[in-house]
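Comments concern the structure below.
What follows is calculated from the coordinates using simple rules that are stated; it is not laboratory data. Note that this is a predicted model, so its numbers are computed, not measured. No Cβ is skipped: glycine too gets one built from the backbone with ideal geometry, and neighbour counts run over all protein chains shown.
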Amino acid sequence: MSTIKIIKNRSDIGAGTRGSDMGIDAIEIAAINQGNDFFHKHLFQDVVTHNETIYNKNTNNFAKRIEHVVEQCQRVSDAVSENLTQGFFPIVLSGDHSSALGTISGIKAANPNKTLGVIWIDAHADMHSPYTSPSGNIHGMPLAAAMGIDNLDCKINEPGDITTAHWNSLKNIGSLGPKLKPSHLIYFGVRDYEEAEQKAIEKNNIRLVKVEELRYRGLDICVKEAIGKLLDCDLIYISFDVDSMDCDNISYGTGTPVPNGFLPNEVMQIIETLLATNKVCCIEFTEINPLLDNKGNKMAETAFQVLDHICTKIPSV
């Protein structure tokens, strides 16, 4: 069994709703309430955060607090890169999904000559840029940054020189240029996205496995097809946003809940099947917001159920 290292990134500055910075604590409380010593069994590292900057006046409306998100993603990138270099299997627990750009950048920084594939389990495409985002929330931009996609064909905003400079910095964290090819990104569960994102997905021919397709064609078939599509990738990163799950079935304990998502056992099976390839090098859990949970701490409890299960399936290196 690989030595797991939990990287705790309690940051929510890239989100539009406050509270996901408490998601990690909510998961730990779920473990305690279940009498599970998970967080005593595994090594961990806390990433310094910039959450206090939420009180600062926002000066980049098309990419809110981008200057601080750049700093936070750099911290996450450094932590992930350092732990991969030391031989650990990083499991990143993060507040909002903007930190995934830091995780991806850290993987590439540690493995500059290896090809990375990304499995994105999420209700949202997260493919906006400051040029296309209707909200300016950077948790909707990490994949565009990771692939260097500005999507100027769908431009609706004029970000300005300062925001553009920070956006270019974001795209070059860890290493210069794109961290993966669009052909090496596969979505699972995405069902809520804007026209600009849809056009970017279609233009770049990105594979999207919807919930209904997975259930109709079969989970094993869909996941094995994804594995086949990533055959020339040396490494795979899995990013699991809890809003990929069915909020009506579980809870609304996430910033942007969307109905008709996956069930927990489906997420576990997807990740478990991917782990069997021995290519998965890092997994991220994100967007748990206990302040919005309409069922106590149900979303965190469910996320911990998935986390605890998949950690028993991580193979030896």
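Structure above, values below:
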quantity: Amide H within-cut-off set for GLY253, under 5 Å, with H built and near neighbours excluded; calculated: ASN294, MET299
quantity: Mean shadow area of the stretch 244-317 over all directions, Cα convex hull, nm²; calculated: 4.8 nm²
quantity: MET245, MET127, MET268 arranged by Cβ crowding within 10 Å, fewest neighbours leading; calculated: MET268, MET245, MET127
quantity: Relative contact order, percent, the stretch 4-311 [alpha-carbon distance under 8 Å, six or more residues apart]; calculated: 23 percent
quantity: Along each principal axis, Cα extent of the stretch 92-178, largest first, Å; calculated: 35, 28, 22
quantity: Taking the stretch 136-254 and dividing mean pair separation by its residue count, relative contact order in percent (alpha carbons under 8 Å, at least six apart); calculated: 21 percent
quantity: Average Cα contact separation per residue, the stretch 3-94, under 8 Å, 6 or more apart, as relative contact order %; calculated: 49 percent
quantity: Ranked list, fewest to most other Cβ atoms within 10 Å of each Cβ, for LYS108, LYS199; calculated: LYS199, LYS108
quantity: Karplus (6.51, -1.76, 1.60) ³J(HN,Hα), θ = phi - 60°, over the stretch 134-140, in Hz, Gly and Pro reported as x; calculated: x, 10, x, 7, 6, 5, x
quantity: J(HN,Hα) series, the stretch 147-158, from Karplus relation 6.51 cos²θ - 1.76 cosθ + 1.60, nearest Hz, glycine and proline x; calculated: 9, x, 9, 8, 6, 5, 4, 10, 4, 10, 10, 10
quantity: Between the stretch 89-139 and the stretch 244-317, the alpha-carbon center distance in angstrom; calculated: 17 Å
quantity: Mean projection area, nm², convex hull over Cα of the stretch 4-311; calculated: 14.1 nm²
quantity: Cα gyration tensor shape for the stretch 1-104, rounded if a/c is under 1.5, else prolate or oblate; calculated: oblate
quantity: Cα pair count fraction exceeding 20 Å, expressed as % - the stretch 135-267; calculated: 54 percent
